[in-house]
1. In straight Cα distance, which lysines are under 20 Å from LYS419, not counting same-chain residues fewer than 8 positions off?
2. Apply 1/(1 + (r/R0)^6) to the Cβ-Cβ distance of ALA264 and ARG320, taking R0 = 30 Å, and write down the FRET efficiency to the nearest 0.05.
3. Provide the FRET efficiency to the nearest 0.05 for the ASP406-ALA34 pair, computing r from the beta carbons and using R0 = 25 Å.
4. Tell me which of ALA72, TYR22, GLN100 sits at the most positive position along the dipole axis of the stretch 5-105, charges placed on C-beta atoms (Lys, Arg +1; Asp, Glu -1).
5. FRET efficiency for ALA23 and ARG156, Cβ-Cβ distance as r, R0 = 45 Å, nearest 0.05?
6. Based solely on its DSSP helices, what 222 nm [θ] is calculated for the chain when runs of n ≥ 4 H residues each add -39,500 (n - 2.57) and the sum is averaged over all residues, nearest 500 deg cm²/dmol?
7. What percentage of the solvent-accessible surface of the chain, computed with a 1.4 Å probe over protein heavy atoms, is contributed by carbon and sulfur atoms?
8. Send over the Kirkwood Rh of the stretch 187-392, from the inverse of the averaged 1/r over different Cα pairs, rounded to one decimal Å.
Amino acid sequence: MVSEAGTELHTAGHNWAGNLRYAAAQVREPATVAELQDLVAGARKLRALGSRHSFNRIADTTGVLVSLEHLAPVFEVDPAEMTVTVSGGTRYGTLAAELQRQGYALHNLASLPHISVAGAVATATHGSGDRNGNLATAVAGLELVTADGVILTARRGEPDFDGMVVNLGALGIVSSLTLDIEPTFGVSQTVFNALDWDQVLANFDDVTSSAYSVSLFTDWSGDRISQAWLKSRMEGGPAPAEAIAERAGFFGGNPAKEPRHPIAGVPGTTCTQQLGVPGPWSDRLAHFRMEFTPSKGDELQTEYLVPREHAVDAIQTMRRLSHLVTPLLLVSEIRTMAADSLWLSPNYGTDSIGLHLTWRQDQPAVEAVLPVIEAQLAPFGARPHWGKLFDGDASRLAPRYPRFADFKALADRLDPEGKFRNDFLNTKVFGS
Ligand SMILES: Cc1cc2nc3c(=O)[nH]c(=O)nc-3n(C[C@H](O)[C@H](O)[C@H](O)COP(=O)(O)OP(=O)(O)OC[C@H]3O[C@@H](n4cnc5c(N)ncnc54)[C@H](O)[C@@H]3O)c2cc1C
């Protein structure tokens with residue numbers, strides 16, 4: 001169906017996981033930025049919709065959802081500035097393939113390449129690596145259509161820029177983003193099975209710094225970590241085969257002999273190539289391949305970002321909660337991220353570890369354990385992932401974000417009538 005303004009109309013449907021149906025009456029898909037501006041200016045209530053991969057109602061609205069999926073594509077590399085500018089609806093998988101074709105790279109990717117750049121950045125989506133900031137830290141500039149339909153451009157270093165990047169969709173609709181790039185690089189990926197918890201916790205810094213990106217997969221029970229995924233940059237290091245030989249006894253684990261999937265029973269062939277085979281960053285930094293369903297599909301997710309200094313204590317706390325958590329889990333993942341200065345980033349001001357939980361799709365049971373986990377992780381100042389299921393509200397989150405009040409003031413200034421507000425933001429951020 002096509003509206004009077006020429007934009008495509010669809011019913012809103014549900015999110016990727018299928019655990020929620022959007023309350024929005026319809027989804028509009030503007031084809032040009034001018035059309036997007038008209039739509040925003042004329043709407044009473046609206047929200048941007050990315051690729052629908054969030055597990056909570058962060059993207060929802062009682063008004064109109066706006067998808068940029070069919071916005072005229074933008075892809076502009078600036079080799080002097082080493083940046084690329086893309087339209088907000090671009091998916092990381094598409095961006096990564098094109099950058100690699102032209103000899104460039106992003107610093108990191110999330111576990112899946114299917115997500116939109118604007119949607120991922122809005123929630124501070126991250127990959128892993130002690131020295132890797134989350135994906136939002138690569139944003140050097142953005143173009144935002146604000147509540148009155150006017151375009152606001154902002155560049156890193158300008159006042160309020162650090163508040164605009166991880167924006168939860170609360171400030172307007174990001175029509176394009178400019179991201180830092182670097183020359184392309186190769187990566188080899190090796191999986192180790194059955195690491196020893198005691199050895200890993202006694203040497204946690206050595207474990208997480210042993211590759212460019214490290215992920216540990218566990219269900220929190222027992223004395224073994226089921227898998228460690230190491231993504232190593234190829235420059236200057238030993239050849240992958242030698243590196244694997246050196247790590248034959250990697251903290252009690254042994255190298256996998258066949259491709260592994262983090263979730264038991266799902267074929268490893270749906271994952272990016274492992275076994276130390278070198279390949280471009282664009283085919284190795286994500287865990288899951290673009291042409292397959294990422295992870296399992298039939299699932300829910302939660303994640304808490306904990307300051308690095310509390311890593312071992314927070315992990316031990318999760319292990320003590322195994323009796324509650326393990327029966328509901330498909331798998332958990334532990335990753336690391338570098339500190340940043342983005343106001344609503346869960347990595348704001350502190351290197352962090354991510355304690356991620358991929359749940360079986362039993363939402364009432366999951367929602368019953370979330371307050372227990374959050375109470376146990378509260379002493380560590382844990383901040384929840386904005387795009388996944390969590391319990392805490394604005395009164396609990398505000399003290400954990402030094403710039404929380406500044407973000408609310410920025411949102412009030414850019415969206416004085418609350419066009420972009422929804423129940424999620426009212427509960428989790430604005431406290432009303
Ligand atoms: C299988 C799976 C694996 C995942 N792996 C990871 C992972 O490795 N690391 C991680 O950190 N997270 C991960 N996530 C979570 C996911 O990255 C986030 O939920 C992310 O926000 C999803 O992006 P999206 O494009 O689907 O956005 P949506 O879920 O559609 O929207 C998220 C938010 O972004 C806003 N938004 C979207 N587009 C715009 C725009 N143009 N302008 C302004 N605001 C906008 C929306 O309004 C909403 O507030 C995973 C999710 C799934 C389903």
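The values are calculated or read from the model by the stated rules, or taken from the named source; none is laboratory data. Note that the structure is predicted; figures quoted are calculated from it, not measured. Don't worry about glycine lacking a Cβ; one is built from the backbone with ideal geometry, like all the others, and counts go over all protein chains shown. These area figures cover heavy atoms from the full protein model, side chains too; ligands, DNA and RNA do not enter into them. Shrake-Rupley method; radii C 1.70, N 1.55, O 1.52, S 1.80 Å.
1. By straight Cα distance, LYS419 reaches LYS45, LYS408, LYS428.
2. Numbers: r = 23 Å, r/R0 = 0.76.
That gives a FRET efficiency of 0.85.
3. My answer for the efficiency is 0.20.
4. TYR22
5. Using R0 = 45 Å, I get an efficiency of 0.80.
6. Estimated from H runs of four or more residues: -5500 deg cm²/dmol.
7. On the way: 8350 of 16420 Å².
Carbon and sulfur atoms account for 51 percent of the accessible area of the chain.
8. 17.5 Å
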